1. Look at residue 89 and say whether it is of a type in the set (Lys, Arg) and either surrounded by 11 or more Cβ atoms within 10 Å (Cβ to Cβ) or at pLDDT 85 or above (or both).
2. Criterion first (farther than 25 Å from residue 44 by Cβ, of a type in the set (S, T, N, Q) and surrounded by 10 or more Cβ atoms within 10 Å (Cβ to Cβ)) does residue 96 satisfy it?
3. Looking only at segment 67-86, decide whether some residue is within 30 Å of residue 9 (Cβ to Cβ) and part of a helix (DSSP H, G or I).
4. Kindly indicate the residue of segment 22-48 that is over 21 Å from residue 107 (Cβ atoms) and surrounded by 15 or more Cβ atoms within 10 Å (Cβ to Cβ) and also modelled with the lowest pLDDT among those meeting that condition.
5. Is it true that some residue in segment 109-128 is farther than 26 Å from residue 39 by Cα and surrounded by 11 or more Cβ atoms within 10 Å (Cβ to Cβ)?
6. When you look at residue 51, is it surrounded by 10 or more Cβ atoms within 10 Å (Cβ to Cβ), without any contact (Cβ under 8 Å) to a residue 40 or more places away in the chain and assigned to a helix (DSSP H, G or I), yes or no?
Amino acid sequence: TMSFMYANHILAMWANGMTGSSNNDWAYMGFHAVFVGVGGLLWFVLFQVALQFTTRVSTVLHLAAIRSVIRAPIDKFFDRHPTGRIMNRMSFDLTSIDIFLFIAYAGVVGCIWNITIPIGYVHFMMPWWFTLMLIP
């Protein structure tokens, strides 16, 4: 997010600089490409971290579900429910948990980043007294 904001800032500086004198366009395009590339790389890293986190959580949940089904009493549970129904229900429930867990994790991290990064960017670009005025 921050690198995309810097990329937009570079584009704005480039557009403002074009009205005055002739600037080196390749420098602006290079900076823009670097910031977009860094942003894409950071999104890839965030995706991998979310994937690793949800994989670990899913493994723990799957093992707990399997342990609880295996430890269920035979006369009250397995006699009343066929094996196919148990497997179908477990696979559907665990797949739903896997999908929604990843979406929820990515949403929470995305919200945190989309709130904190622009606020940090504003305070980085503004004078120091602006930040002091906002302290309650």
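The values are calculated or read from the model by the stated rules, or taken from the named source; none is laboratory data. This one's a predicted model, so the numbers in the text were calculated from it and none came from an experiment. Here Cβ is always computed from backbone atoms with ideal geometry, including for glycine, and neighbour counts include all displayed protein chains.
1. Yes; evaluated as a whole, the condition is true for this residue.
2. Yes.
3. Checked against the condition, which is being within 30 Å of residue 9 (Cβ to Cβ) and part of a helix (DSSP H, G or I), segment 67-86 yields no hits at all.
4. 28
5. No, because not a single residue in segment 109-128 is farther than 26 Å from residue 39 by Cα and surrounded by 11 or more Cβ atoms within 10 Å (Cβ to Cβ).
6. no
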